[in-house]
1. Please tell me if G248 is of a type outside the set (A, V, I, L, M), at pLDDT below 95 and either under 18 Å from the mean Cα position of the chain (by Cα) or closer than 24 Å to T32 by Cα (or both).
2. Could you tell me which of the residues A10, A34, A41 is touching a helix residue (DSSP H, G or I) at 6+ places or on another chain (Cβ under 8 Å), among the hydrophobic types (A, V, I, L, M, F, W, C) and at pLDDT 95 or above?
3. Restrict the check to the stretch 192-207 and report whether at least one residue is under 16 Å from G39 (Cβ atoms), of a type in the set (A, V, I, L, M, F, W, C) and surrounded by fewer than 19 Cβ atoms within 10 Å (Cβ to Cβ).
4. How about the stretch 181-268: which helices (runs of 4 or more DSSP H) wholly inside it have at least 1 residues that are aliphatic (A, V, I, L, M) and under 15 Å from L23 (Cα atoms)?
5. May I ask you to list the residues in the stretch 1-18 that are closer than 16 Å to D124 by Cα and outside any helix (DSSP H, G or I)?
6. Suppose we keep only residues that are crowded, with 16+ Cβ neighbours inside 10 Å and among the charged types (D, E, K, R) within the stretch 238-271. Which one would you say is nearest to A66 (Cα to Cα)?
7. Only residues in the stretch 31-52 that are touching a residue at least 12 places away in the same chain (Cβ under 8 Å) count as the first member; pair them with residues that are in a strand (DSSP E or B) and surrounded by fewer than 21 Cβ atoms within 10 Å (Cβ to Cβ), Cβ under 8 angstrom, at least 6 apart or cross-chain, and list the lot.
8. Please find, within the stretch 20-45, the residue that is nearest to D256 (Cα to Cα) out of those that are in contact with a Ser or Thr (Cβ under 6 Å, 6 or more places away or on another chain) and surrounded by 20 or more Cβ atoms within 10 Å (Cβ to Cβ).
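The values are calculated or read from the model by the stated rules, or taken from the named source; none is laboratory data. Not measured: the values here are computed from a predicted model. Note that we place each Cβ from the backbone using ideal geometry, even for glycine, and neighbour counts take in every protein chain shown.
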Amino acid sequence: MSRIEKRFAALKEEGRAGLIAYLTAGDPDPDTSAALFEGVAAAGADLIEIGMPFSDPMADGPAIQAGGLRALKSGMTLRKTLALARCLRQNDANTPLILMGYYNPIYRYGADLFARDAVEAGIDGAIVVDLPPEEDAELLGPARAAGLDLVRLATPTSDDRRLPAIMRGAGGFLYYVAIAGITGTRSADAGAVHAAVARLRRYTDLPVAVGFGIKNPEQAAAVARAADAAAVGSALVDRVAQHLDGDGHARPGLVDAVLGDINALARGVRGARENRA
């Protein structure tokens, strides 16, 4: 079993959903970013999404766009992102690590080399937002050969004709985008999420994670009552921004503030099914 499979199996055994925490690699600077990622699992995240900074993140809202630009300004690259993952894996053998981002940096790196290097660095899966199933063969083949799961995305507009194509070749888990639009702009509707998750389960045996539009522990808990995991990103990246000085440098307390938010989200997710109405 892969680390992703093992983690979701353990969550099922515990009778709860998981928390997936997203942060952008290199934001606001490499040292602060490394300190953040080193504390994410201990703060309560069950899986970690490592954002690959990119200059044109079309699906992301202002918070993650700004985080990506800060990371690029600090010199972050895909190669350095993999080095960050390698360091994380040396200290944590079990927490699944998933890269999330856009295809351009992977294309420039080379799909075959990326898949091999990602797995060597301890990465378990990749979510490539702008690479639809009809166009991902050049990455899917190398990923499968290397043992890297390609996590597919479904959205509120993915209808019954579209879903089978999304599920073919999907690995790790299915990521359901709970809102139509960019990240961090609107909140997910719990009732709509519950209905969507129930529909998606008719098409796949993979765990279903829900992201986009989850901003606080209460919303994470509401999603966790239906989904196998709740994914939170923009709210955490926004917390990073709130702890920067006028020059964009990290102020004291940044790491503790972000990890405190992750801990609160984790507590919300862990208690969600105990508090089911």
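1. Numbers: of a type outside the set (A, V, I, L, M): yes; at pLDDT below 95: yes; either under 18 Å from the mean Cα position of the chain (by Cα) or closer than 24 Å to T32 by Cα (or both): yes.
Spelling it out, G248 is indeed of a type outside the set (A, V, I, L, M), at pLDDT below 95 and either under 18 Å from the mean Cα position of the chain (by Cα) or closer than 24 Å to T32 by Cα (or both).
2. A34
3. Applying the first criterion (under 16 Å from G39 (Cβ atoms)) to the stretch 192-207 yields none.
The answer is no; no qualifying residue exists.
4. 234-242
5. First, pick out the residues of the stretch 1-18 that are closer than 16 Å to D124 by Cα: 1-9.
The answer is M1, S2.
6. The residue in question is D238.
7. T32/A250
8. So, considering only residues that are in contact with a Ser or Thr (Cβ under 6 Å, 6 or more places away or on another chain) and surrounded by 20 or more Cβ atoms within 10 Å (Cβ to Cβ), the one nearest to D256 (Cα to Cα) is A41.
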